[in-house]
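Okay, structure first, notes after.
The values are calculated or read from the model by the stated rules, or taken from the named source; none is laboratory data. Predicted model, so just to flag it, every value in this text is computed and none were measured. Reconstructed Cβ throughout: ideal geometry from the backbone, glycine too, with neighbour counts over all protein chains shown. When the accessible area is computed, the model is the full protein with side chains, heavy atoms only, and any ligands, DNA or RNA have been set aside. Shrake-Rupley method; radii C 1.70, N 1.55, O 1.52, S 1.80 Å.
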Amino acid sequence: MGHYIQVEENVKIHVEDIGSGQPVVFLHGWPLNNKAFEYQTSLLAKNGFRYIGVDMRGYGKSDKPWSGYDYDTMAKDLEAVVNELRLEQFVLAGFSMGGPIAIRYLTKFGQDNVAKLLLMGAAAPIFTQRDDFNVGMKPEEVDDIIAQIEKDRPAFLAEFADLFFEQKHSPQFLDWFQTLALEAGAHSTLNSAAALRDEDLRGELSSITVPTAIFHGKKDQICPYELGEILDKEIPNSVLVPFKDSGHGINADEPERFNDELLSFLKSSGV
């Protein structure tokens, strides 16, 4: 079942809602949409969970307004989805860019209604380097990505797919992956890249109290594995689950292990 949920005037968010049981809310990465989790959708439904896949503003089937691609606004969009669907004690699962948005949701709107947090290849606590933070891309590298998207977005996305995965995938799979990214608004892709470059969540991690699993590829070329180690160190009730044969796209590079670890975490009483 698909929902269109109004999050502000003239802006509706598309949400896939499949299965029944405890809700698991998936937030996709840049510049994809909820279809990136299609190999988890039926898995969850078969195992007694309710898959809630959010196309964030600007992506997939959601509206693509000019503004609102900062973490605060996108976390507020998520709050509107949670309230409209009356979700209770749900698991919040954020991949890549979806990771920091999940963190911002918890620290801005509270954790009482969230049972667990799953961070997958998260672009957190910061995606780019600072004078006092030497992990991740340099800001000027993101500026170069923005310039490449402005020049030839399809060509950039083809190169991005090569960086995204460690394992070899079929040409058809990579074509499909690129179509997901092309469903996004060009301006949405650009504005979100600027948010990834500029936002900083370092001061928010220690306040997270829900059980947290951190899935991260050891060979991630987009969000280095060191980011997962930092998250594990700073989030009090967390466990780091390394995927030694994965790049950024862990659910495609090690799909069987990813699904096993996902179900194990969902069914566990803690971390």
_Condition first: in a loop (DSSP other than H, G, I, E, B) and under 18 Å from Glu256 (Cα atoms). Now tell me which residues in the range 7-55 satisfy that._
Asn47
*Among the residues of the range 236-260, how many are surrounded by fewer than 19 Cβ atoms within 10 Å (Cβ to Cβ) and under 24 Å from Gly21 (Cβ atoms)?*
7
*Of the residues that sit in the range 136-172 and are closer than 17 Å to Leu32 by Cα and small (Gly, Ala, Ser), which one is nearest to the chain's Cα centre (by Cα)?*
Ala161
*For Val210, are the conditions met, namely being in contact (Cβ under 8 Å) with a residue 12 or more places away in the chain, more than 19 Å from the chain's Cα centre (by Cα), under 19 Å from Phe26 (Cα atoms) and part of a loop (DSSP other than H, G, I, E, B)?*
no
*Given the structure, is Leu174 among the hydrophobic types (A, V, I, L, M, F, W, C) and either touching a strand residue (DSSP E or B) at 6+ places or on another chain (Cβ under 9 Å) or farther than 20 Å from Ile250 by Cβ (or both)?*
no
*List, please: which pairs have Cβ atoms under 8 Å, are six or more places apart or on different chains, and start with a residue in the range 172-187 that is closer than 14 Å to Ser62 by Cβ and modelled with pLDDT of 95 or more and end with one that is among the aromatic types (Phe, Trp, Tyr) and open to solvent by less than 70 Å² (accessible area, probe 1.4 Å)?*
Glu183/Tyr59; Ala184/Tyr59; Gly185/Tyr59
*Which of the residues that make up the range 199-212 are in contact with a Pro (Cβ under 8 Å, 6 or more places away or on another chain) and open to solvent by 30 Å² or more (accessible area, probe 1.4 Å)?*
Glu199, Asp200, Arg202, Glu204, Ser206, Thr209
*assigned to a helix (DSSP H, G or I), loosely packed, with under 15 Cβ neighbours inside 10 Å and out of contact with any His (no Cβ under 8 Å at 6 or more places or on another chain): does that describe Gly270?*
no
*(1) modelled with pLDDT under 95; (2) closer than 30 Å to Phe265 by Cβ: which one isn't true of Ala158, the others all being true?*
(2)
_Show me the helices (runs of 4 or more DSSP H) found entirely inside the range 98-189 where at least 2 residues are among the hydrophobic types (A, V, I, L, M, F, W, C) and open to solvent by 40 Å² or more (accessible area, probe 1.4 Å)._
139-164, 171-182
*Could you check how many residues of the range 154-176 are hydrophobic (A, V, I, L, M, F, W, C) and closer than 21 Å to Leu118 by Cβ?*
2
*Do the conditions hold for Ser238, that is, is it in contact with a helix residue (DSSP H, G or I) (Cβ under 7 Å, 6 or more places away or on another chain) and modelled with pLDDT of 95 or more?*
yes
*Hey, among the residues in the range 71-97 that are of a type in the set (D, E, K, R), touching a residue at least 12 places away in the same chain (Cβ under 8 Å) and under 25 Å from Ser20 (Cβ atoms), which one's least open to solvent (accessible area, probe 1.4 Å)?*
Asp77
*Mind checking whether some residue in the range 215-233 is open to solvent by 30 Å² or more (accessible area, probe 1.4 Å), among the hydrophobic types (A, V, I, L, M, F, W, C) and part of a helix (DSSP H, G or I)?*
yes
*Could you grab me the full set of residues in the range 58-97 that are of a type outside the set (Ser, Thr, Tyr), assigned to a loop (DSSP other than H, G, I, E, B) and within 13 Å of the chain's Cα centre (by Cα)?*
Met97
*Which residues, counting only those in the range 234-265, are in a strand (DSSP E or B) and closer than 24 Å to Asp112 by Cα?*
Ser238, Val239, Leu240
